[in-house]
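This report concerns only the one structure given below.
The values are calculated or read from the model by the stated rules, or taken from the named source; none is laboratory data. From a predicted model like this one, the values you see are computed outputs, not experimental measurements. No Cβ is skipped: glycine too gets one built from the backbone with ideal geometry, and neighbour counts run over all protein chains shown.
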Amino acid sequence: MASEIRTIGVVGAGQMGAGIAHVAALAGFDVKLYDIAEDRVASGLQRIDKSMGRQLASEKISEADKAGALARIAGTTNVADLGDRDLVIEAATEDETVKRKIYREVCPHLKPSAMLATNTSSISITRLASATDRPERFMGIHFMNPVPVMKLVELVRGIATEEETFEAAKVFVGALDKAITVSEDFPAFIVNRILLPMINEAIYTLYEGVGSVTSIDTAMKLGANHPMGPLQLADFIGLDTCLSIMQVLHDGLADSKYRPCPLLVKYVEAGWLGRKSGRGFYDYRGEEPVPTR
């Protein structure tokens with residue numbers, strides 16, 4: 001079965017979906033990128049073109065690699081176009097209601113042998129699988145952001161995931177030249193279970209006035225050798241995503257240490273979601289990012 005994954009469908013043409021389509025096409029897979037609106041599909045394809053352009057400029061890929069990969073990606077707003085795919089990866093927003101709705105729409109079009117995967121960074125794979133017609137052929141394939149740059153993929157099985165589904169996912173991820181880590185199906189898996197509470201703690205450190213945005217980020221970059229500070233990283237991830245992962249941890253593990261910082265909640269309520277909205281812990285609307293606190 002593993003060798004059968006030749007065609008990929010990606011649901012969601014945002015940052016993660018476009019990134020997954022990008023690496024799959026570069027690895028030689030035939031890719032369909034689906035989203036509900038034409039403009040989203042167009043901006044996803046544009047993002048891929050730009051991202052491959054950066055790889056070309058830094059000589060990571062050749063002109064022929066780029067041209068070939070772009071030729072293997074087709075955008076669509078018709079869910080029925082996913083019907084011939086061997087593997088469909090859902091990369092929608094980190095919201096369980098949205099994901100369940102997508103499975104209801106996508107599943108009737110999939111061939112019986114097709115695998116379905118989710119790129120969720122925190123939600124229970126077992127629970128999401130139960131919303132599909134193929135829990136044994138469903139699992140978590142969690143890519144890191146930005147997908148073309150980050151080497152790691154977390155593989156997460158639900159309680160019903162069959163061994164051959166897991167083996168096929170391993171072969172697929174290996175073909176993308178990514179490294180695999182296997183996580184059990186616990187809230188936020190491995191990376192975000194460790195990373196997000198650290199970011200949340202950095203926000204508490206700001207909230208309690210222990211340090212400014214600049215001092216906190218500088219401290220962690222130079223004092224812990226992190227490539228970027230936790231508040232800068234939060235802005236990059238998206239503060240809404242950070243909040244939803246902390247809520248999943250808090251709800252799923254019922255431990256007060258995972259309580260989202262009130263300041264994080266306030267920023268999300270203000271629509272200050274980080275880099276994508278122009279403001280978060282930094283203001284990105286000028287030439288240089290400026291701390292907002």
request  = With respect to MET150, determine if the residue is surrounded by fewer than 18 Cβ atoms within 10 Å (Cβ to Cβ) and either without any contact (Cβ under 8 Å) to a residue 60 or more places away in the chain or not assigned by TED's automatic domain parsing to the domain that holds CYS107 (or both).
outcome  = yes
note = Note on region 277-293: residues surrounded by fewer than 17 Cβ atoms within 10 Å (Cβ to Cβ) and of a type in the set (Lys, Arg) are ARG285, ARG293
Near pairs, Cβ below 7 angstrom, 6+ apart or cross-chain, from region 203-232 (touching a residue at least 24 places away in the same chain (Cβ under 8 Å)) to any residue that is loosely packed, with under 13 Cβ neighbours inside 10 Å and not small (Gly, Ala, Ser) = TYR207/PRO262
inquiry  = Just to check your reading of the model, which residue among LEU233, LEU243, LEU239, LEU263 is modelled with pLDDT of 95 or more, among the hydrophobic types (A, V, I, L, M, F, W, C), over 20 Å from MET16 (Cα atoms) and surrounded by 15 or more Cβ atoms within 10 Å (Cβ to Cβ)?
reply    = LEU263
task = Would you mind stating whether THR161 is under 26 Å from LEU264 (Cα atoms) and among the hydroxyl-bearing types (Ser, Thr, Tyr)?
result = no
request  = Tally the residues that are assigned to a helix (DSSP H, G or I) and surrounded by 18 or more Cβ atoms within 10 Å (Cβ to Cβ), restricting the search to region 16-57.
outcome  = 20
ask   = Can you name the condition, by its number, that ASP251 falls short on among (1) crowded, with 16+ Cβ neighbours inside 10 Å; (2) under 20 Å from ALA188 (Cβ atoms); (3) over 20 Å from the mean Cα position of the chain (by Cα)?
value = (1)
inquiry  = Please list, ordered by residue number, the strands (runs of 3 or more DSSP E) wholly in region 62-136 having 3 or more residues that are free of Cβ contacts under 8 Å to residues at least 60 places away in the same chain and not aromatic (Phe, Trp, Tyr).
reply    = 73-76, 115-118
inquiry  = I'd like the full set of residues that are closer than 16 Å to ASP81 by Cβ and among the small types (Gly, Ala, Ser), limited to region 7-23.
reply    = GLY9, GLY12, ALA13, GLY17, ALA21
Total residues in region 5-15, condition outside any loop (DSSP other than H, G, I, E, B), surrounded by fewer than 24 Cβ atoms within 10 Å (Cβ to Cβ) and of a type in the set (Val, Ile, Thr) = 1
key: Condition broken by ALA91, with the remaining ones in (1) more than 19 Å from GLY19 (Cα to Cα); (2) crowded, with 16+ Cβ neighbours inside 10 Å; (3) touching a helix residue (DSSP H, G or I) at 6+ places or on another chain (Cβ under 7 Å) satisfied   = (1)
